[in-house]
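The structure appears right after this line, and notes come after that.
All of the numbers you see were taken from the coordinates with simple rules; none came from a lab. Because the structure is predicted, anything quoted here is derived from the model rather than measured. Note that each Cβ is placed from the backbone with ideal geometry, even for glycine, and that neighbours are counted across all protein chains shown.
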Amino acid sequence: MNKDVIVIGGGIIGCAIAYSLQKRGKSVVLLEKHNLVAGASGACDQGILLQSKAPNEHLLLGIRAMEMYKELGRELGRDLEFTQKGYMLLMESELECRVMDGIIEKQRALGLPVERISADEALRRQPGINREEIVGATWCPWDSEVNPYMTALAYADRAAELGCDIRTRTPVTGLVMEGGAVKGVVTPQETMYAETVIDACGVWAPEIGRMAGLEIPIRPRRGQVYITEAVPLFMRCNLLNARYIVAKHHPELLAGDHSLKAQLGVGFCMTQSGKGNVMFGATREFAGMDNRCTLDGLREVLAEATRLMPAVKELNVIRTMSGLRPYSPDSKPLIGFVDGVPGFFMAAGHEGDGVSLAPTTGKMVADLIIDGTTDVPAAASFNPNRFDLRPKAP
C-alpha cells in the first residue's frame, strides 16, 4: 500500500493530524495499536486551560487553539460540548501570590485576560471553597472545556468521511528504512509505504523513534483522578490550585518539600462535565509505563480535594482513572521533521496539553508537510531538533 502520509497513534493529536491532512487533499492512513482514544486522550479532564501555559509561545499556541475550538464543532458536524465558563487558580500563600503575579503580568502582555481576585470574590464565584485555606485567586474567562473523547472521535469520523483509512488494533512493528530515510511502516498484516511517517504516539513515541535510530526525550507522567456520579450544578467555574503552576514553572521553589504529596506531584483540579459528573485530581508522577491507580496517590488526591473543597465529601465516587501524559524536558511538544532522518515527522510530547493544543497541532503539522511553513504562532520553537535525538555513545 502507498499513501502520502502514515500517522501512528490514535489519540486526539493523531486524529487531529489525520483530519487536517486529509482535509487538504493528502491520502492518509491512521494506525492505532489498540482502539482510538485508548491512551491519555481517554483518561484526562476536559480543560482547555490557558492560565497553565508558560507566558511564551506555548500560551500563544493555546490561545490560537481556543479560537479554533469555537468553530470546530460546526466544522466537524458534532457537538463537542465546548463551553467557556472560566477557571480560577486558588492561591494559598504569599509566595504563590508573588509567583503568580509575575506570570500574570507576562500572560496579560501576550493578550490573555487574566486577573487577580480576592479570596472573598473567589468564594462568590464558586461557593464551597474552603475560605480558610486560600489568600486569593486568579480568574480567566477564556479558559474553556471540551469533551476530549467526543472531539477525538469527531476528528476521526470526519477524516474517514473524507477518505482517511483508519485502522485500529494495528501495531507498528518496524519502519521501512532506506539510506537512513523512513519510507514506510511494517505491521503484522502488511508493509505500507508513504512519503511521510508521523510519530504521534504520546508516551509511546520513543518506541517508534528507536525504530528510526532516535532517542526521543519523552517520559510518561502519570495522573490519577476521581470521577463522581452525575449531580446538579456543582461547579460554576472550574478550579485549579496555583501550587500546580508553581511546581510546573518554578519547581525550585518547592525543592525543600519532601512530603508524599510533593513526591507524587499532587495538585488540585476540579471540573464538572456537561452530564454532571465531577472529576477531580491529580498526581503528576514519574512511574514508568505503569498506568494503574495507587492507594497512596488516590489518598493524597482525596485529601487535597476535600481540604480545598470540603463539599466533595458529599459526592459519591463511581470510579477512578489514571493516564500517562507524554512529558518533554522543556514542557513543550516536539512538532516537526527530524533532521537527518528524511520522511520522519514528530508530533508528541504535549504532556497535559494534548486536548488544549490539538487543533493548532493538526493545522501546524498539515501546513509544515504540505506548505513547508505555517502561520501558527512561534511554530519554530516546537521543532524537535532543539533536542539531540541521536543515541548517546555508551
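Odds and ends about this structure:
- Excluding same-chain neighbours fewer than eight residues apart, the lysines reachable from K106 by a Cα-Cα span under 30 Å are K53, K70, K85, K248, K261, K332, K363.
- In this label model, D388 and D375 are separated by 3.9 nm, measuring between points 7 Å along each Cα→Cβ vector.
- Here the peptides 278-285, 315-322 are ranked by packing, the mean other Cβ count within 10 Å, and the order with the highest first is 278-285, 315-322.
- Spatially proximal aspartates and glutamates relative to K275 (Cα-Cα < 15 Å; intrachain offsets below 8 disregarded): D45, D79, E81, E145, E229
- Here's the picture: charge each Lys and Arg Cβ at +1 and each Asp and Glu Cβ at -1 in segment 42-147, and of I117, T83, M68 the one pushed furthest to the positive end of that dipole is M68.
- Residue ranges 235-244, 61-70 sort as 235-244, 61-70 when ordered by packing (mean number of other C-beta atoms within 10 Å per residue, highest first).
- Backbone N under 13 Å from the Q84 label point (7 Å along Cα→Cβ), restricted to segment 135-179: 140-145
- Average Cα contact separation per residue, segment 25-171, under 8 Å, 6 or more apart, as relative contact order %: 45 percent
- Of all lysines in the structure, the ones whose alpha carbon falls short of 17 Å from that of K3, not counting any fewer than 8 places away in one chain, are K23, K26, K183.
- Calculated mean residue ellipticity at 222 nm for the chain: -9500 deg cm²/dmol, from DSSP H runs with n ≥ 4 weighted as -39500 (n - 2.57), summed, divided by the residue count and rounded to 500.
- In the chain, the C-alpha radius of gyration followed by the widest Cα-Cα span (Dmax) gives 20.7, 65 angstrom.
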